[in-house]
């Protein structure tokens, strides 16, 4: 089955149900996963989707292309494909992004990449921890955090980190439905509420 057909078969993503496991990003991710598995290219696709996420995060120009509602679908698809070709992405990823562009969903591509990573992690028994910090984590901090989570019983942990300067310090860690907030911003807010209550 073609990639476009796979996308449609996996739950008619363009219709956009938001039920659990049926989000737009989840459906696109499931379609790509199935296609990669069918073509025995799963490991390569996992690596490429990780690289695509980094490309989106690190290239403001590419993000502007993805987010712009003013660019014609054909032009957006051609421009996105040109970037992927230049960066050495496989035809599978090029075709996949082309389907996303044709469905006018390029602005959801980063979420689809994250959805794909979560799906892969789930199938491989890996826990995904979304970590926000005021400053970029060092490799040592990342490994210390991973070790702490393994000690807490989370098994194999994949950390997806991002920077939010408004946190001021500390971390916000989301694992599934659980949220651990040790940020300085949150502590200051709690102190402010406590002081209001005491007044």
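Table for the structure above
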item	result
Single residue of 129, 108, 121 found to be within 14 Å of the chain's Cα centre (by Cα), at pLDDT below 95, at negative phi and surrounded by fewer than 19 Cβ atoms within 10 Å (Cβ to Cβ)	121
Residue in the range 159-168 that is touching a strand residue (DSSP E or B) at 6+ places or on another chain (Cβ under 9 Å), over 24 Å from residue 46 (Cα atoms) and in the same structural domain as residue 188 (by TED's automatic domain parsing) present	yes
Tally, over the range 174-185, of residues that are modelled with pLDDT of 85 or more and either outside any strand (DSSP E or B) or in contact with a helix residue (DSSP H, G or I) (Cβ under 8 Å, 6 or more places away or on another chain) (or both)	4
Pick from the range 21-66, criterion surrounded by fewer than 13 Cβ atoms within 10 Å (Cβ to Cβ) and farther than 18 Å from residue 120 by Cβ, ranking: nearest to the chain's Cα centre (by Cα)	58
Condition broken by residue 174, with the remaining ones in (1) touching a residue at least 40 places away in the same chain (Cβ under 8 Å); (2) assigned by TED's automatic domain parsing to the domain that holds residue 73 satisfied	(2)
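The values are calculated or read from the model by the stated rules, or taken from the named source; none is laboratory data. As the structure is a computational prediction, the values presented were derived from the model and not from experiment. Positions of Cβ are generated from backbone atoms using ideal geometry, with glycine treated the same way; all protein chains shown enter the neighbour counts.
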